[in-house]
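Peer 1: Take a look at the following structure, please.
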Amino acid sequence: MEPAEILSNPGGVIGVSWLMIALPLLGAAVLLLGGRRTDKWGHFLGVLMALASFVVAALVFFQMLGFAPAERRVSVPLYAFIPGVADLGLLIDPLSISFALLITGVGSLIHIYSIGYMSHDTDRRRFFAYLNLFVAAMLLLVLADNYVALFIGWEGVGLASYLLIGFWQFKPSAATAAKKAFVVNRVGDFGLLIAIFIVFTTFGSVAFGEVFPKAGEASQGTLTAIGLLLLLGACGKSAQLPLQSWLLDAMEGPTPVSALIHAATMVTAGVYLVVRSGAAFFPGDGTASLVVTIVGVATLLAGAIIGTAKDDIKKALAGSTMSQIGYMMLAAGLGPVGYAFAIAHLITHGFFKANLFLGAGSVMHGMNDQVDMRRYGGLRTLMPVTFITFLVGYLAIIGFPLLSGYFTKDGIIETAMEHNAILGWLAVAGAGITGFYMSRVVFMTFFGERRWDKDVHPHESPAVMTWPLIVLAAGSAVLGAYLVLSNRLMVFLGPAVGLPEELPAFHVVSPVGLATLALVAAGAGYAWLKYGRQEVPVVAPRGSFLTTFARRDLYGDALNEALFMRPGQWLTRLAVWFDNRGVDGLVNGLAATIGGTSGRLRRIQTGYVRSYALSIFVGAAILAGAWFVVGTL
Amino acid sequence: MPWLSILMGVSVLGALGVAFVKDDRLAKQATLAVSLVVLALTVVMTVQFSPNGDRFQFVETYDWIPAFGVHYGVAVDGVALVLILLSAVLVPIVVLASWHDAEAGKRSVRTYFSLLLVLEAMMIGVFAATDIFLFYVFFEAMLIPMYFMIGSYGGAQRSYAAVKFLLYSLFGGLLMLVAVIALYVIAGKGTFMFPELIGAIKDPTTQKWLFLGFFIAFAIKAPLWPFHTWLPDAAAQAPAGAAVLLVGVLDKVGTYGMLRFCLELFPEASKWATPVVIALSVIGIVYGAIVAIGQTDIKRLIAYTSISHFGFIAMGVFAMTSNGASGATLYMVNHGFSTGALFLIAGFLIYRRGSHFIEDYGGVQKVAPVLAGAFLVAGLSGLSLPGLNSFVSEFMVLLGTYERYAVPAVIAATGVVLAALYILWMYQRTMNGPTAESVRSMPDLNIRERWVVAPLLVLIIVLGLFPKPLLDVINPSVKETLTNVSVTHPAPAVAKEGQ
């Protein structure tokens, strides 16, 4: 199927699809400018705007379903932005609307959950303002019809992420993590920016509708360069190697933020970028796509390994997020069928990972914000709703038969296997590790001895928090089957990502699937031996070299420090010293030489100068006056 | 209507009036009123400007010294217009921000405000001058009010800073004077009028020498690396309001001069010098950013970020593409607003705590959230966050440069990463973390200060989302300039359909 032509605005709800962005943006503006006056009802406004945005997205979706599949690609121009370079406009197609539904749907649930989670925070209103800001920016990112508008959303979500990681900015660790996230993301953004420059100089436009059809006319080298630079941007936003280091620190933010931004939506923006640009710059063969798959596989393994060693429940889940996005990235490097599975996994992951994070938040809420799983244990009876929903999310992520992950992750593994057996088996290995670390989280948190202190009184969270969990758990259970069976999502996405007419059938039972299941079961079993059957020590054992390697995030930070931070600090000091002594010293010296002696200069610097300047002024005034008189005579 | 003369006249008359008002409070109010009148008149004038009409509009030409062909010639094109608009917007904001700045010492309060209005007249004059000799007179005369504002009302090192500023500028001005006179003599047209001198110098060697005379003066003014060392001293010692006008407007005369005079009068020499200028610009972008990261003094830090930004502007001018030059012009305006906001808010912060040093702050966000929020928005504009004003201009400059010089553009784009570091690290050290004991009782922005900050933040956001009105004014003039330089625009590798 060739990518469909872009149609012009058909009116209806699609005509006002910009409301999706405008409503949460308005919410953010009201809450930020209104200040303390809006404290009482600010969180309701925030929720309302997110829900309203979801309603618009749903209406747009249903209007689009009324079109023939080939016509589901509508452009909604908004206004002229930079004349001759880029205008602001939206592209409503199956890909963008899938994202919009995920962002506003899961986003609304997380907004609702946050009413309860943040109820004790005096700055809850500001929190909702930032959440609204995030939703608006993320929607711009996925709905934009050109790279410049996308970039505005792209850095906008970076800002929201910065503000929310550092929400408790009085904690130095939070402030540092926020800054780190922004700066590391900027490294990726640098790549994206250069990619945009190349796109513009090559095609004379940055609009998807103009660039993609002409991609074939550009040289292979140009296309590869654009692809690799886009990938650099994607790596920053999606925490893929080598720009992964910020994501674990980002867990400093309140847990709903980790769920929404650093699990379900923002970190998948890189996958979106690759899939959106796919047909033009990542066709599935060629260098750029190969590098995408390598980055994906490397990150899916690295994230999984990090996940095995973390005692902080949020960091274990963050490692898992890296890993799962690695799967999506791998898929996105495999061409059109891969795109579809990348998006399918992205959507189901959005549900089960938000589910898991909010579950973790619910546990923390009942445990005085304790995050150390060694201080948990046996919580299943005390938090039954949290436990059961978490269990569903857990089974979904490890790929338990017929739950979401089973369909979407296996789809990726099988597609990878057909493409390249090495990639495929590494992805299978990742699934096995996932089985281990996720089981570890469940055993340490909900089973075994109770290991918390006396003054902690674990309790189930209020309904405003558990209901979103229940909805997400339901999604985690059934969404995968719904999207993948009978190729529902593929058929829907087809025109947007250029899928072939002949779609591969998904085999519910396959040899590779069975092998994966066996490995997952082995991982889970090993976790049971270590953390289920045995008592979990409250103080972490020292562990082997490998454990330390995983605990220290595979030495990613150490590497960054040695390669960039320390040399950077030295360079900065050197530059400051040079600027004070070198350049300035030279100039002062020169001035002194010209002025005769340095003593003369110093004298000028103190008293005489004022009269000196005054005399220039007076002289100039007299001169000007004289000329003027002469001139008019 | 002689709009430009009226603008200058109102400012000068206002300055005289203020100088003779006995009551300080009344003097301040009068200054504010005059600057607001000038702003209102400038807005009315801007509305009447037709972007696609004649290049120069509101033309006034009178003989001044007929013997030498010197004219009182003023007019504006789109580029000059937006810079005058920038000046007219900033002055009332600076007046309101400087309300108590002149009171610290035993200096005369009304003189300070009178100097502000004198400076405003000169800022309008320097951008409006179409006679090169008149431009030179304003270029030099502008130094004087600024010299006194730094030297008399500045910080502890004010004398050193003021003299350094003056000596650098005078040196550059002297070179320019020689070049101006030589231009007059060699062109042999018997006039200093800029439009008549376009294309007058044909000989390449002569062009090169005259170019250097102008360019060095402008490079010191802007300042470009390595002529920059006067700026951190001057900006750090100047009162916050004067620093805003110094960095926000006066320095732009340098980059404006490059675009207007260097490119159009000496097109061949400009092309000859381009590799060097681009190199200096790129060095300045990266170097300014790195040195900014290492600063311990808030105002010096902002000054170094400006050196980095001036590198972007000069690079955009000399890229000689429409995106580069239009972006550079827009950058001049945007940088005035964003750095203006940064300097003024930093000034409010310093006024409260009495220290320039970053390490003396910490956790201000908790006690003064409005101040911190405003500082963050200004800072985000400084790091060119998309959606805010600076992004548009920085993007255009980088894109415009990339179209012709890919490698320098890529190196310059690393400045985007460094900007995130210097801004957010400064913000973290001053505003985040546990609240320092010394700032615990710090009051948030008062009503007057909010009125100072609000228009700047509004402009930062509005120009970030809707840059088109300004670009529509700038683009035709830039196009005219580039036509006079006779450069061909690089075409996309894959041509658009139907072309």
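The values are calculated or read from the model by the stated rules, or taken from the named source; none is laboratory data. All values reported here derive from a predicted model rather than from experimental measurement. When we count neighbours, we look across all protein chains shown, and the Cβ atoms used for this are built from the backbone with ideal geometry, even at glycine.
Peer 1: Quick one: would you say A:L243 is without any contact (Cβ under 8 Å) to a residue 60 or more places away in the chain and over 13 Å from the mean Cα position of the chain (by Cα)?
Peer 2: Spelling it out, it is not the case that A:L243 is without any contact (Cβ under 8 Å) to a residue 60 or more places away in the chain and over 13 Å from the mean Cα position of the chain (by Cα).
Peer 1: Would you please list the contacts, defined by Cβ atoms under 7 Å and residues six or more apart or on different chains, that run from a residue in the stretch B:239-258 that is among the polar types (S, T, N, Q) to a residue that is assigned to a loop (DSSP other than H, G, I, E, B)?
Peer 2: B:T255/B:A222
Peer 1: Now a separate question. So in the stretch A:203-212, with the set limited to residues that are part of a helix (DSSP H, G or I) and touching an Asp or Glu at 6+ places or on another chain (Cβ under 9 Å), which one is farthest from the other protein chains (Cβ to nearest Cβ)?
Peer 2: Checked the stretch A:203-212; the qualifying residue farthest from the other protein chains (Cβ to nearest Cβ) is A:F208.
Peer 1: So which of B:L371, B:L380 ends up being in contact (Cβ under 8 Å) with a residue 24 or more places away in the chain, facing chain A (nearest Cβ under 8 Å) and either farther than 24 Å from A:F203 by Cα or in a helix (DSSP H, G or I) (or both)?
Peer 2: B:L380
Peer 1: Only one of A:R374, A:R380 is part of a helix (DSSP H, G or I) and either out of contact with any His (no Cβ under 8 Å at 6 or more places or on another chain) or closer than 15 Å to A:M465 by Cβ (or both); which?
Peer 2: After applying the criteria, what remains is A:R374.
Peer 1: Can you tell me which of A:L426, A:L391 is in contact with a Leu (Cβ under 8 Å, 6 or more places away or on another chain) and assigned to a helix (DSSP H, G or I)?
Peer 2: A:L426
Peer 1: Okay, next question. Which one is farthest from the other protein chains (Cβ to nearest Cβ) among residues in the stretch B:383-408 that are touching a residue at least 12 places away in the same chain (Cβ under 8 Å) and small (G, A, S)?
Peer 2: That would be B:S390.
Peer 1: Read through the list (1) in contact (Cβ under 8 Å) with a residue 40 or more places away in the chain; (2) surrounded by fewer than 22 Cβ atoms within 10 Å (Cβ to Cβ); (3) within 12 Å of another protein chain (Cβ to nearest Cβ); (4) touching a helix residue (DSSP H, G or I) at 6+ places or on another chain (Cβ under 6 Å), then give the number of the only condition that B:P434 fails.
Peer 2: (4)
Peer 1: Here is a check on your reading of the model: is B:L421 assigned to a helix (DSSP H, G or I) and closer than 23 Å to B:A80 by Cα?
Peer 2: Taking the combined requirement at face value, the residue does not satisfy it.
Listed here are the residues, each with its yes/no results for (1) within 12 Å of chain A (Cβ to nearest Cβ); (2) at pLDDT 90 or above; (3) assigned to a helix (DSSP H, G or I).
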residue	(1), (2), (3)
B:M442	no, no, no
B:A454	yes, yes, yes
B:I461	yes, yes, yes
B:L471	yes, yes, yes
B:I474	yes, yes, yes
B:S477	no, yes, yes
B:N484	no, no, yes
B:A491	yes, no, no
B:K496	yes, no, no
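Peer 1: Also: Check off (1) surrounded by fewer than 24 Cβ atoms within 10 Å (Cβ to Cβ); (2) over 20 Å from A:V56 (Cα atoms); (3) touching a residue at least 40 places away in the same chain (Cβ under 8 Å) for A:S119 and give me the number that stays unchecked.
Peer 2: In the conditions (1) surrounded by fewer than 24 Cβ atoms within 10 Å (Cβ to Cβ); (2) over 20 Å from A:V56 (Cα atoms); (3) touching a residue at least 40 places away in the same chain (Cβ under 8 Å), A:S119 misses (3) alone.
Peer 1: If you don't mind, there's one more thing I want to ask. Going by the structure shown, is A:V491 β-branched (V, I, T), under 15 Å from A:A340 (Cβ atoms), surrounded by fewer than 23 Cβ atoms within 10 Å (Cβ to Cβ) and modelled with pLDDT under 85?
Peer 2: It is true that A:V491 is β-branched (V, I, T), under 15 Å from A:A340 (Cβ atoms), surrounded by fewer than 23 Cβ atoms within 10 Å (Cβ to Cβ) and modelled with pLDDT under 85.
For (1) under 30 Å from A:L358 (Cα atoms); (2) acidic (D, E), each residue gets a yes or a no:
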position	(1), (2)
A:F446	yes, no
A:R450	yes, no
A:D455	yes, yes
A:V464	yes, no
A:A474	yes, no
A:Y482	yes, no
A:F492	yes, no
A:A496	no, no
A:V509	no, no
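Peer 1: In addition: Restricting attention to the stretch A:494-531, report how many residues are surrounded by fewer than 18 Cβ atoms within 10 Å (Cβ to Cβ) and part of a helix (DSSP H, G or I).
Peer 2: Residues meeting the conditions: 11.
Peer 1: If I filter the stretch A:384-402 for residues that are in contact with a helix residue (DSSP H, G or I) (Cβ under 6 Å, 6 or more places away or on another chain), at pLDDT below 90 and surrounded by 22 or more Cβ atoms within 10 Å (Cβ to Cβ), do I get at least one hit?
Peer 2: Looking for residues that are in contact with a helix residue (DSSP H, G or I) (Cβ under 6 Å, 6 or more places away or on another chain), at pLDDT below 90 and surrounded by 22 or more Cβ atoms within 10 Å (Cβ to Cβ), one finds at least one in the stretch A:384-402, hence yes.
Peer 1: Out of all the residues in the stretch A:152-164, is one or more under 18 Å from A:G227 (Cα atoms) and either over 14 Å from the mean Cα position of the chain (by Cα) or more than 8 Å from every other protein chain (Cβ to nearest Cβ) (or both)?
Peer 2: no
Peer 1: Just the residues that are in contact (Cβ under 8 Å) with a residue 60 or more places away in the chain and either closer than 17 Å to B:L421 by Cα or in contact with an Asp or Glu (Cβ under 6 Å, 6 or more places away or on another chain) (or both), please, taken from the stretch A:161-178.
Peer 2: Going residue by residue through the stretch A:161-178, those that are in contact (Cβ under 8 Å) with a residue 60 or more places away in the chain are A:161, A:164-168, A:171, A:173-174, A:176-178.
Once the filter is applied, which keeps residues that are in contact (Cβ under 8 Å) with a residue 60 or more places away in the chain and either closer than 17 Å to B:L421 by Cα or in contact with an Asp or Glu (Cβ under 6 Å, 6 or more places away or on another chain) (or both), the stretch A:161-178 yields A:S161, A:I165, A:G166, A:S173, A:A174, A:T176, A:A177, A:A178.
Peer 1: Only one residue in B:I358, B:I350 is surrounded by fewer than 24 Cβ atoms within 10 Å (Cβ to Cβ) and closer than 24 Å to B:V286 by Cβ, so which one is that?
Peer 2: Just one listed residue meets the conditions, B:I358.
Peer 1: Starting from residues that are at the interface with another protein chain (Cβ under 10 Å from one of its Cβ atoms) and outside any helix (DSSP H, G or I), keep the ones in the stretch B:286-319 and report whichever is surrounded by the most Cβ atoms within 10 Å (Cβ to Cβ).
Peer 2: Selected residue: B:Q295.
Peer 1: So, one more: Kindly list the number of the only condition in (1) more than 20 Å from the chain's Cα centre (by Cα); (2) aliphatic (A, V, I, L, M); (3) within 14 Å of chain A (Cβ to nearest Cβ) that fails for B:V276.
Peer 2: (3)
Peer 1: Something else: I need the full set of residues from the stretch B:101-128 which are within 18 Å of B:K22 (Cα to Cα), at pLDDT 85 or above and not hydroxyl-bearing (S, T, Y), in order please.
Peer 2: B:V109, B:R110, B:F113, B:L115, B:L116, B:L117
Peer 1: Okay, next question. Considering A:A175, A:A195, A:A225, A:A215, which residue is at the interface with chain B (Cβ under 7 Å from one of its Cβ atoms), aliphatic (A, V, I, L, M), part of a helix (DSSP H, G or I) and over 16 Å from the mean Cα position of the chain (by Cα)?
Peer 2: A:A175 is the lone residue from the list that is at the interface with chain B (Cβ under 7 Å from one of its Cβ atoms), aliphatic (A, V, I, L, M), part of a helix (DSSP H, G or I) and over 16 Å from the mean Cα position of the chain (by Cα).
Peer 1: Hey, another quick one. Looking at the stretch A:77-97, is at least one residue over 18 Å from A:F492 (Cβ atoms) and polar (S, T, N, Q)?
Peer 2: No: the stretch A:77-97 contains no residue that is over 18 Å from A:F492 (Cβ atoms) and polar (S, T, N, Q).
Peer 1: Further, regarding this structure: Please specify each residue of the stretch A:429-449 satisfying the condition of being in contact with a Leu (Cβ under 6 Å, 6 or more places away or on another chain) and surrounded by fewer than 23 Cβ atoms within 10 Å (Cβ to Cβ).
Peer 2: Within the stretch A:429-449, A:G432 is the sole residue that qualifies.
Peer 1: Also, quick follow-up: Taking the stretch B:118-164 as the search range and keeping residues that are facing chain A (nearest Cβ under 10 Å) and in contact with a Phe, Trp or Tyr (Cβ under 6 Å, 6 or more places away or on another chain), which one is farthest from B:V95 (Cα to Cα)?
Peer 2: Looking at the filtered set, the residue picked out is B:F133.
Peer 1: Turning to a different aspect of this structure: What helices (runs of 4 or more DSSP H), lying completely within the stretch B:99-202, carry at least 3 residues that are in contact with a strand residue (DSSP E or B) (Cβ under 9 Å, 6 or more places away or on another chain), over 24 Å from B:D233 (Cα atoms) and not hydroxyl-bearing (S, T, Y)?
Peer 2: In the stretch B:99-202, the matching helices (runs of 4 or more DSSP H) lie at B:109-128, B:132-141.
Peer 1: Given the condition assigned to a helix (DSSP H, G or I) and surrounded by fewer than 24 Cβ atoms within 10 Å (Cβ to Cβ), answer yes or no: does some residue in the stretch A:71-86 qualify? Break it down stepwise before answering.
Peer 2: So the first thing to find is which residues in the stretch A:71-86 are assigned to a helix (DSSP H, G or I), and the list is A:71.
Now drop any that are not surrounded by fewer than 24 Cβ atoms within 10 Å (Cβ to Cβ), which leaves A:71.
Yes.
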